[in-house]
1. Using the charge dipole of region 344-442 (Lys, Arg: +1 at Cβ; Asp, Glu: -1 at Cβ; taken about the Cα centre), state which of ALA364, GLY345, ALA410 has its Cα farthest towards the positive end.
2. Can you pull the one-decimal nm distance between simple spin-label points at GLU102 and ASN377, each 7 Å off the Cα toward Cβ?
3. Summing +1 for each Lys or Arg and -1 for each Asp or Glu, what net charge is found among the other residues whose Cβ lies under 14 Å from the Cβ of LEU131?
4. Would you please put 349-358, 389-398, 92-101 in order of how densely packed they are, using the mean number of other Cβ atoms within 10 angstrom per residue and starting with the highest?
5. Counting Lys and Arg as +1 and Asp and Glu as -1, what is the net charge of the other residues whose Cβ lies under 14 Å from the Cβ of PRO350?
6. Using a 7 Å offset from the Cα along the Cα-to-Cβ direction at both ARG11 and ARG153, what is the distance between the two label points in nm, to one decimal?
7. Would you please give the FRET efficiency between ASN224 and LEU181, computed as 1/(1 + (r/R0)^6) with r the Cβ-Cβ distance and R0 = 45 Å, to the nearest 0.05?
8. Ordered by packing density, taken as the mean number of other Cβ atoms within 10 Å over each peptide's residues, highest first, how do 257-265, 134-142, 148-156 rank?
Amino acid sequence: MTRLHPRNLARREGAFELLFLIVLAAGLVLGGASRGNPLASLIIQLISLPLLGWAVWRLLERGVTRIERALVVLVGIMMIWPLVQLIPLPVGLWASLGGRAELAAELNGLMLNPASRPLSLSPDRTFGTWLDFLPFVAVLLATLSLGSGARNRAIWLIVGAAVISLTLGVMQQIGGPESVLRFHSLNTTHSPVGLFANRNNFGVFLACVLPLTVYLALRPGLVNGVIGKLALGAVGIALLGGVALSGSRAALVLLALSVILSGVLAVRGLMARLPRQGKPVRVGPLRLAPRTALFAGAGLVSIALIAAVALGTIALGTQWQAVNRMMIADDTVRGQLVTRSVELGTQYLPFGAGGGAFERVYAAVEPVEELSEGYPNQVHNDYVEVFLEFGLIGALVLVAGLIVVGLAAANGWERSRRGISMAAFASIPVLLLLAHSVVEFPLRTFALSMVFAFLVGLITAPQSSIPERDSV
């Protein structure tokens, strides 16, 4: 293999990082809605293609670790499977597959007898799902081949996007429902949404960025001086207020988890720098060892922050409905939607109904008494939707992916005993988004799916590929 001159190598690395940051920034700015803006989707998909090709080439050149290989194989399967669902099958074979016999009989009754049909019941949506998956894959594979300096700069970009989104959300709230700063056509008009189309994704995004802010503040060499750390502290407090302002019940619950886990990691990282025995710290009448004092202080701060958010939310009269809804079991319709979707998924086993086919297959079984002007276009449970659309293969890949990422995250948490671990802090927002996917579909938006891909890349990349000399 030809070795590049250091100057040429630096230029190549800089160009790759610039392309990566442009793609990630485009996703954050343009990808705040799951649908409704075809032009924005097209732009994100197109600019992700060169990044995807370059990232694949870099990984082939560098080689991958065992855990990276497992992740790449799983991603490859999910790239291929939607395309397999588009392959035309003889109509007799197609009719024998799960959930298709009744539809075949109806087509025969209408004298519609094509010679072949694709596995997917919604081929156009399946192809669209495959296109939507490209930016996720591009960001994930690119992250695996980035140095720690580029990864840290990408984290700064995400934190900056959160600050912009929060500022925009405050201005939207001031401007009211008719504010011209509400960019998405599917906008929530009575709450701030920032760069997103609804308050749930806005609030959860802010909760996800909090651990990244803590990481930047604590990682040695990233922020020098008291002013810089105070500025990041102010950003963290602003993020807490932004979640409260969003009025999203999911975001409020996930914020509490974010604060607690970030506090635990911060304490573990800082304890690694303190001697086990040292000059006792006086706390009132108590004399505590340095590590004990640090742990107690972090616990009190976490409790105070959670309490402050709760009280602040209650104080915001216009947002009280978010807390009120948390105490009322008003999700009967959504629960029925998930239950019916699971039943549909079993009918379409083992191959699924086809990527993106939920809306069409559910419309065929939706009870007449529940019909209205609005209609469900997602299951509001991404795990169930993957099972319904991609069948047994999708479910197995999903479970295997969770195991791979979980093992990598466990390694990151183990490393956090020795200092501030990038992988451990990245695992917190990954957990938040996975938890939110139980009741919503945050990863159907480019913004959150690309951030998720970046964070998964941080978790699974080997620590040896993050040289400390490139940490700024």
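1. ALA410
2. 2.6
3. It works out to a net charge of +1.
4. Ranking, from highest mean packing down: 349-358, 389-398, 92-101.
5. Around PRO350, the charge tally is 0.
6. Each label point is offset 7 Å from its Cα along the Cβ direction, giving 1.6 nm.
7. The formula returns an efficiency of 0.85 here.
8. For the peptides 257-265, 134-142, 148-156, the packing ranking is 134-142, 257-265, 148-156.
Since every read-out is calculated from the coordinates, none of them should be taken as a lab result. This is a predicted model, so every value here is computed, not measured. Glycine gets a Cβ as well: all are built from the backbone with ideal geometry, and neighbour counts include every protein chain shown.
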